[in-house]
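First up is the structure itself, then whatever we jot down about it.
The values are calculated or read from the model by the stated rules, or taken from the named source; none is laboratory data. Everything numeric here is computed off the predicted structure, so don't read it as measured data. Neighbour counts are summed over all protein chains in view; Cβ atoms, including those assigned to glycine, are modelled from backbone coordinates with ideal geometry.
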Amino acid sequence: MEARLNLFASPLAARLIKHFNAANKVLVDSSLPHATQELVKIRASQINGCGFCTDMHTKDATHAGETPTRLNLIAAWRDAKVFTDAERAALEVAEQGTRIADAAGGVSDEAWANAAKHYDEDQLVALIGLIALINAYNRANVIAQLPAGDYQPGQFG
């Protein structure tokens, strides 16, 4: 598979991604747990069919010490006992937020209330931003058909 566009060689894409990455830095530096951030990125990327981001974030999570069992069960998180209640709440909001077009009401009040039990206001803001941002990355990569498999942890900074 070859990409439709080389987003890494385009000056305009570089300027755009610079802003995406700056927003990501704000989220990485937030109090939302890093492990939760990676789980959310992976789940949204799976839903969106973004191989590039799924590859990147599973490798980054592995590099950060995430277990193979947890990584292998992200898509089946509802049936897996390896995630905390807080992580489950974040994954539910991530799924509903990613599937806004499929779920007429967007994120349900129940899912939001459950997340609010586990995360403070700043963490909820970070969760919203993270879901929005990973969906933007996913869409750019899927549209451009960036291939997956070659990412090395830390290659982008």
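Structure summary
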{"read-out": "Cβ-Cβ under 7 Å pairs, at least 6 apart or on other chains, the range 136-157 side part of a loop (DSSP other than H, G, I, E, B), far side aliphatic (A, V, I, L, M)", "value": "145/1; 145/3; 146/3; 146/7; 147/1; 147/3; 151/56"}
{"read-out": "Qualifying residue in the range 20-39 (condition: without any contact (Cβ under 8 Å) to a residue 12 or more places away in the chain, polar (S, T, N, Q) and more than 16 Å from residue 133 (Cβ to Cβ))", "value": "no"}
{"read-out": "Where a residue in the range 114-127 is free of Cβ contacts under 8 Å to residues at least 24 places away in the same chain and in a helix (DSSP H, G or I) and its partner, wherever it lies, is aromatic (Phe, Trp, Tyr) and surrounded by 11 or more Cβ atoms within 10 Å (Cβ to Cβ), with Cβ under 9 Å and at least six apart", "value": "124/112"}
{"read-out": "Qualifying residue in the range 67-75 (condition: surrounded by 20 or more Cβ atoms within 10 Å (Cβ to Cβ) and over 19 Å from residue 132 (Cβ atoms))", "value": "yes"}
{"read-out": "Which numbered condition residue 106 misses (of (1) farther than 17 Å from residue 43 by Cβ; (2) free of Cβ contacts under 8 Å to residues at least 12 places away in the same chain)", "value": "(1)"}
{"read-out": "Residue match in the range 62-73 (condition: touching a residue at least 40 places away in the same chain (Cβ under 8 Å), closer than 15 Å to residue 42 by Cβ and of a type in the set (A, V, I, L, M, F, W, C))", "value": "no"}
{"read-out": "Lone unmet requirement of (1) within 27 Å of residue 19 (Cβ to Cβ); (2) more than 18 Å from the chain's Cα centre (by Cα) for residue 113", "value": "(1)"}
{"read-out": "Test result for residue 104, more than 15 Å from residue 57 (Cα to Cα) and either in contact with a Pro (Cβ under 9 Å, 6 or more places away or on another chain) or at pLDDT 95 or above (or both)", "value": "no"}
